[in-house]
Each structure stands twice: as C-alpha cells, then as structure tokens.
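Below is one structure, written out as structure tokens, with a few remarks after it.
The values are calculated or read from the model by the stated rules, or taken from the named source; none is laboratory data. Everything quoted here is computed from the prediction, not taken from an experiment. For neighbour counting, all protein chains shown are included, and Cβ atoms are generated from backbone atoms with ideal geometry for every residue, glycine included.
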Amino acid sequence: MHDQNSDLVTVASKCAAACEHCATSCLGSNDVQAMTDCITLDRDCADLCRLVAALASRGSRFTDSLREVLVLVCKACGDECSKHDMDHCRECAAACRACEQVCSE
C-alpha cells in the first residue's frame, strides 16, 4: 500500500462497514419504507468506499478522481443518516463525516 493513502484506506474501510451495518439495521426497522433513502445511500456509500480503498491501496491513478465523488456520496449519506435518531445511523453519519474529511484533504 502506498503510505500517502493509508489513512484513506483505513477510513474508507471503516465507513463501508458502518454503512453496511446501518443498511442492515434499517432493513430490520418497523418502517422500512421510511428508511429507503437511508438504505440506498448506505449501500452506494459502502460500495464506493470499498472501491476507493482498493484503488488507493494499489496506488491507482484514478484514486484522486474517485475521492472527489466519494466526498459527495459521504456527504449525502451522512446528511441522510443524521435525520434519524438511531445509534446505527449516528455511527454511520460520523463515519461518513470522517471519510468525507479525509477525502477532502
């Protein structure tokens, strides 16, 4: 792994895990329909986080371009999760904010 990307790989991997946990927890909600946007954004964010982590770990020349997209996705996911008063949503929002910050650096 390229040293300059180690923080990105770590934070993106943690964000992916938090998003997956949030989506799975939302699917078990009493009102799944109300959580549709959250679930969709969680899944999009998790997938993109895993992709960025993989590309960053191999030093891909496309890492920086995808970081820019990941900032947008993490912001959208974090904003959506912040609307919900559940621990998994709060944890996901925090992970998204951390990933957004590292991607913006």
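Here is the figure for segment 93-105: residues that are modelled with pLDDT of 95 or more and either in a loop (DSSP other than H, G, I, E, B) or among the polar types (S, T, N, Q) (or both) total 1. Can you name the residue in segment 60-82 that is touching a Cys at 6+ places or on another chain (Cβ under 8 Å) and without any contact (Cβ under 8 Å) to a residue 24 or more places away in the chain and, of all such residues, is farthest from Cys19 (Cα to Cα)? Result: Ser82. Determine the pairs where a residue that is over 12 Å from Cys15 (Cβ atoms), located within segment 39-59, has a partner that is of a type in the set (Phe, Trp, Tyr) with Cβ atoms under 8 Å apart, the partner being 6 or more residues away or on another chain. Between residues of segment 39-59 that are over 12 Å from Cys15 (Cβ atoms) and residues that are of a type in the set (Phe, Trp, Tyr), the close pairs are Leu55/Phe62. Scan segment 18-38 for residues that are touching a residue at least 24 places away in the same chain (Cβ under 8 Å) and among the aliphatic types (A, V, I, L, M) and the total you get is 2.
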